[in-house]
Structure formats: structure tokens, C-alpha cells
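Student: First, the structure itself, so that you have it in front of you.
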Amino acid sequence: MKKILLFIYIISGIIIPYKVHALDITVGASTWYAWGTRSENVQDYSIRNNNNYAFDPTLFYGPALSIKLTYDFNMTFVYLYSKFNYLEEVYKDAGGKYNVESKIKRSDSDLALNYRLGNYFKVFLGAKYLAYEIKLSYDDTDDITYSSNSKHTSIGPGLGFSITYPITGNIFILGTLSGFYLYSTGEKFEDNGLYDYKKSKPVNMTVGYNEYGLNSNISVAYYIPQVSTVISLGFRFQYFITDYSKYEPFLIDSIENSFYGITLAATYTFSL
């Protein structure tokens, strides 16, 4: 089934209006070199040795788009994608623990309608989409592979504000802050003995959850008028909680997720 990617992270921190035309369109690329941490609140600590993980730095990348509808309104869209791995320790029984490898694919996307408040500020309302594909596996001493796979998707509204403040002629400080609340389409979870190796058949279930958190970004941008291009360099922080507690009993009650790192973007503006 084809998924529609909707997003809320405002890219007014990438896009700087410089002249009003009938229709201004800005296209470009956005990157985020980020570190991450994950903290799990689990129900049964006897099978988990460590519930706090740090991800190796990973590069998120994707397209950015803005369409200026009127002098006061514009639509913005950003999509970021990344793949990364991490190791965790899991107890299989009272006798020992094993390193479990996790391979993660993540999509993070925002769509927003922005309204200009004066020369420096904007407010925006939009939608955010988050998706993960997670594959966990390990080989025991008998060379038997145990695994757990899950597909995690959520979508929901968000709102926030942004600021664009000129320092000198073509140099600007840009900042955004937004919050979001997401609803899950259900996390499809398949366990093939990773947490309970005594099971003779794989366990398949769909688990509900909600996610809520915030995005923030600050950057410095340089506008090159000869080529109608903006280059921006900055820092982005994202924090959100995945909450399973309102739904059927699950191994994990909630997960705190943090990602932070350096952003770099380049956008080009043209008119129709």
C-alpha cells in the first residue's frame, strides 16, 4: 500500500523571500548530520540489560520545497531519510546476555502552511509523518538466528513559529520551534524468538501508540542574489516520546527519542 508522506517541519529557516512574484517556487536539498539517543521504559527488566542506547552519527538527507502562494502565505515541504545501526544487550535467560544488532530505516517529513507576521516572524500549521523499519537479529552459540522485525508509522498535526532576522545585507539568522502530536496506523511487530526463544512459532501483532514532541532549529543563511540561492548552516534538535501505555499490554511502555546535529541546506528560487 502506497504511503502518503505528510510533514510539518517548517523550512522557512532555509527559504528567504527576496522579491514578490506571481508565484515564487523554491527547491533544494536539506541534510542533517545527527547523533541520537533512545531510552526505553520497559515492563520486564529481567530480559533487558540496558534500556538506554546511543546511535552513531548518521546523515539524513532529502528534498526541500516551498511555494509562495501570496505575499503572506506559503507552503513548505521537507523530507529526510536515513539508515543507521546500533547494538543493544538482551538477556535470553538467567545464564547470560547477547548483543543484538538493530538495522533502522527512518523517514521524517513535514508539510506546513505558513503565515507571515510582520517582517521577521511566521506562524505555521501543518502535518508530520514519521516512519521506521526496524530489523533486530542475533546468532546464538548454536548458530541459530533469532529476529524481531517491526514497521512503525505515525502521522498527525503540528504547529509552531519561525523567525528570519537580517544581520547584514545578505546574511540572516533563522530559527524555528514547533510541536507535534502523532497518531499511529499501528506498529506491525513480528518476533521470531528474539525475546522469548521458547516460542515454537513467530509471534505477529499490531501495536498501537501515540507520539508527541518538538522540533527546533537555528541557522545562519547566506543569500547569493546572482544565482537566487540560499546556503544555510545550523543546528537542529528533535525530541519525541513514543507512548504505548494507552493500548494493549506490550513489552515497552514508552520510548524517549532525541536527535541532534548539524544541518546544511541549499535552495534555489525561481518564478512562474
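Student: Pick out the one residue from D191, D139 that is at pLDDT below 90 and farther than 26 Å from Y244 by Cβ.
Tutor: The match here is D139.
Student: Determine whether region 92-114 contains at least one residue that is modelled with pLDDT of 95 or more, aliphatic (A, V, I, L, M), assigned to a strand (DSSP E or B) and over 20 Å from L23 (Cα atoms).
Tutor: no
Student: State which residue is modelled with the lowest pLDDT when the search covers only region 43-71 and only residues that are aliphatic (A, V, I, L, M) and not in a strand (DSSP E or B).
Tutor: Of the residues in region 43-71, the ones aliphatic (A, V, I, L, M) are 47, 54, 59, 64-65, 67, 69.
Keeping just the survivors that are not in a strand (DSSP E or B) gives 47, 69.
Values: I47: 49, L69: 89.
Of everything passing the filter in region 43-71, I47 is modelled with the lowest pLDDT.
Student: While we're looking at this one, here's another question. Of S178, S228, S271, S219, which residue is in contact with a His (Cβ under 9 Å, 6 or more places away or on another chain) and either at pLDDT 75 or above or not aliphatic (A, V, I, L, M) (or both)? Explain how you work it out, then say what you get.
Tutor: Numbers: S178 fails: in contact with a His (Cβ under 9 Å, 6 or more places away or on another chain); S228 fails: in contact with a His (Cβ under 9 Å, 6 or more places away or on another chain); S219 fails: in contact with a His (Cβ under 9 Å, 6 or more places away or on another chain).
Checking each option against the conditions leaves just S271.
Student: Do we have K122 as part of a strand (DSSP E or B), at pLDDT 80 or above and under 23 Å from S216 (Cβ atoms) here?
Tutor: yes
Student: Note down all Cβ pairs under 6 Å where the first residue falls in region 15-42 and is part of a strand (DSSP E or B) and among the charged types (D, E, K, R), the second is modelled with pLDDT of 80 or more and exposed (fewer than 14 other Cβ atoms within 10 Å of the Cβ), and they're at least six residues apart or on different chains.
Tutor: D24/S271
The values are calculated or read from the model by the stated rules, or taken from the named source; none is laboratory data. Since we're looking at a predicted model, the values are computed, not measured. Backbone-built Cβ (ideal geometry, glycine too); neighbour counts: all protein chains shown.
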